[in-house]
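Written out below as structure tokens is the structure these notes cover.
Laboratory data are not the source of any read-out in this text; all were calculated from the coordinates shown. From a predicted model like this one, the values you see are computed outputs, not experimental measurements. Backbone-built Cβ (ideal geometry, glycine too); neighbour counts: all protein chains shown.
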């Protein structure tokens, strides 16, 4: 039995000391090559990481770092009490599984072989589904969705009509994000009000940005009237950006006043869209989430928010390490990599 919330808080405060400092990240970014990166990383709490023989080193590195992330998540879950532990399982494990399901859907949509799809997945035990391999081997996207019946993702079947309407995968990816947000919001009812608000904001901003990007795509759709009639069907979950705002986005003629007219932080996050820099949009979104995690810890330093902050900061740090390693492996100028990092250098 878990010792309770005070133990979880103390444990997470201790674990926060494992996070890398700006100087740690700077040294890693300046490693020069992947061998130097791994050598420097071995002197941090991540320890030794060996890349697999015969595997794309970028994929191998991401898989190894995901193992590390999962290990840290599991430490928090073991320390979490009762219903709060159940919430954290949804918040963390369902979040990671949704990433895997999006990769499986993308792989089947683009015709990747099952082996390549499986190699791209976060190496975790399935959370809400029975077997990732069975999904990766499905004949097509429709069959993947049919195999999700009886799971927390069975409502994805309702979005298949949108897949056909737009001949694009994004409606299914968007619905997965909505299902995750709805489940976390429901499970968060067990949390104290401050932690509940922080948890919903951490993932709600992600949902809003994904919704806004989808709405901007829909500006180019010919059947705009049908799209506007089906807004509730397309955007089944919203946070601060409601259906009225989404409707205005779809109807907008010019992009610049549209972006600049959004409330903060969405105007700042989407500003790189004006230069067609999607990578910077993702970077700014991650940076804002990092700020939320840090702020949440400050306002609730002795509550559940410490665990939420630790989990999110670990995920963001892992993403930055994957980016640095990928840049070194591919020979990308490091200044072109670091400008998109979440972690301040």
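Given a Förster distance of 56 angstrom, what is the FRET efficiency for residue 115 paired with residue 302, based on the Cβ-Cβ distance and rounded to 0.05?
Details: r = 47 Å, r/R0 = 0.84.
Calculated value: 0.75.
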Which order do the peptides 205-214, 291-300 take when ranked by the mean count of other beta-carbon atoms within 10 Å per residue, highest first?
-> 205-214, 291-300
What does the highest-first list of 89-96, 255-262 look like by mean Cβ count within 10 Å?
-> 89-96, 255-262
At 7 Å along the Cα-to-beta-carbon direction for both residue 224 and residue 83, put a label point, then send me their distance in nm to one decimal.
-> 4.7 nm
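Starting from 0.36 nm per residue, how many nanometres of slack lie between residue 33 and residue 334 once their C-alpha separation is accounted for? Write out the running numbers ahead of the final one.
Details: separation 301, 0.36 × 301 = 108.36 nm, distance 1.05 nm.
So the chain would gain 107.3 nm between residue 33 and residue 334.
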Residue 254 versus residue 146: modelled label distance in nm, points set 7 Å from Cα along the beta carbon direction | 5.0 nm
Spin-label pair residue 278/residue 43, simplified geometry with 7 Å Cα→Cβ offset, distance in nm = 3.9 nm
Fewest first, what order do 177, 116 take by the number of other Cβ atoms within 10 Å?
-> 116, 177
Counting pairs of alpha carbon atoms under 8 Å apart in space and at least six apart in sequence, what relative contact order in percent does region 231-345 give?
-> 18 percent
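For residue 243 and residue 164, compute 0.36 nm times the residue count separating them, minus their Cα-Cα distance, and round to one decimal in nm. Present the calculation step by step, with values, prior to reporting the outcome.
On the way: separation 79, 0.36 × 79 = 28.44 nm, distance 2.25 nm.
So the extension gain works out to 26.2 nm.
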Between [x] 21.9; [y] 21.3; [z] 19.9, the structure-derived Kirkwood radius over Cα pairs in Å is [y]
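Could you tell me which of rounded, prolate or oblate describes region 1-142, using a ≥ b ≥ c as the square roots of the eigenvalues of the alpha-carbon gyration tensor, with rounded for a/c under 1.5 and, failing that, prolate when a/b is larger than b/c and oblate otherwise?
Values: a/c = 2.80, a/b = 1.12, b/c = 2.51.
Here region 1-142 falls in the oblate category.
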Over region 5-337, calculate the relative contact order: mean separation of alpha carbon pairs under 8 Å at least 6 apart, over the residue count, as a percent.
-> 21 percent
Cα gyration tensor category, rounded, prolate or oblate, for region 229-335 with a/c compared to 1.5 | oblate
Relative to the longest principal Cα axis of the chain, at what angle does helix 95-110 sit, 0 to 90 degrees, rounded to 10?
-> 60 degrees
Separation of region 45-75 and region 148-195 by C-alpha centroid, Å?
-> 28 Å
On the formula 1/(1 + (r/R0)^6), with r taken between the Cβ atoms of residue 52 and residue 134 and R0 of 22 Å, the FRET efficiency rounded to 0.05 is 0.40
Most exposed to least, judged by fewest other Cβ atoms within 10 Å, 318, 247 sort to 247, 318
